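What follows is calculated from the coordinates using simple rules that are stated; it is not laboratory data. Note that this is a predicted model, so its numbers are computed, not measured. Glycine gets a Cβ as well: all are built from the backbone with ideal geometry, and neighbour counts include every protein chain shown.
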Amino acid sequence: MSEPVFPGEAPDGLAIRVRGLRKSFGAKTVLDGVDLDIRRGEFFALLGPSGTGKTTLLRILAGLELPDAGTVLAARRRTTVYQEPRLIPARRVLANVTLGLPSSVREAGRRALAEVGLEGYGRAWPATLSGGEAQRVALARALVRDPEVLLLDEPFAALDALTRLQMQELVAELCARHRPAVVLVTHDVDEAVRLADRVVVLREGALAVDQAIDLPHPRDRDTPGFTAHRRLFLTHLGVTAAAH
């Protein structure tokens, strides 16, 4: 068994390097010898059926879970945005954005709120926010930390369809501006194709497909090539051609 190394700088312009990653919970092996490189500035999406280890892999990359075996090298500045905003109700919005940071970053926190379309919301309470606004605050909290790696764990799953599309556009714009490496866990194939430079399907603990998405931005279902990528990933996810 190799010694897990975490964190450490990945080589050759990479934000993340994973080699021989294994993780089990009892008798169930969820990650079985995963090898993965993610470049700095790359937008990487991870698809897979429920229970295939997507969130476990994300938690290992975040440093919240230790692998049973393998090596993980990752840039040190990593932040995570979850499906739930995870705001502290007793703290105002700006205090949530700058939580755990020195008071000197308050102005940076205000700028981050402006970037996500919430300029002037610093003194608002979380209870007064809509679901989309709360998730924007969570995104501002991640960005103010100037991450080298931004980990997104189904951050739009709880939003209505219109707000979800708006948040996808916002994340695409902010990531293009700040250029962190992004790891997006999602069940939404269209979301993965729309946003990512590269999409991986995780099945039975291994990478079933690893596909670059070389389509121009912005993308939607009418973009030439979009449907072909969508069909490929749905097939690997076990969706029949008739259901496509």
**Message:** Can you give the FRET efficiency to the nearest 0.05 for Lys28 and Ala157, using r as the Cβ-Cβ distance and R₀ = 25 Å?
**Reply:** 0.60
**Prompt:** What size of dipole, in debye to the nearest 20, comes out for the chain about its Cα centre when the only charges are +1 on Lys and Arg C-beta atoms and -1 on Asp and Glu C-beta atoms?
**Reply:** 620 debye
**Prompt:** Amide H to amide H under 5 Å from Ala69: which residues, 5+ apart in sequence or cross-chain, H placed 1.01 Å off N in plane?
**Reply:** Arg22
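For the chain, list the DSSP H helices whose alpha carbon atoms reach 24 Å or more along the long axis and whose average Kyte-Doolittle value is 0.0 or above? List each step's numbers first, then the result.
Numbers: long enough: 161-178 (25 Å, 0.13).
TM-like helix candidates: 161-178.
Summing Lys, Arg as +1 and Asp, Glu as -1, what charge do residues with Cβ under 9 Å from the Cβ of Ala75 carry, Ala75 excluded?
On the way: positive: Arg40, Arg76, Arg77, Arg78; negative: Glu9, Glu148.
Around Ala75, the surrounding residues sum to +2.
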**Prompt:** Assuming R0 = 25 Å, what is the FRET efficiency of Leu99 and Gln166, from their Cβ-Cβ distance, to the nearest 0.05?
**Reply:** 0.50
**Prompt:** What is the Cα centroid distance between the stretch 87-109 and the stretch 114-136, reported in whole angstrom?
**Reply:** 12 Å
**Item:** Kirkwood Rh (inverse of mean 1/r, distinct Cα pairs), the stretch 156-207, angstrom
**Value:** 12.2 Å
**Asked** Given 5 Å bins starting at zero, what is the percent of C-alpha pairs of the stretch 50-129 in each, up to the one with the largest pair distance?
**Response** 3, 12, 18, 19, 13, 13, 12, 7, 2, 0
**Among Phe44, Gly13, Pro126 - extreme Cα towards positive end, dipole of the chain, charges at beta-carbon** = Pro126
**Request:** Any chance you could get the radius of gyration and Dmax over the Cα atoms of the chain, in Å?
**Result:** 18.2, 57
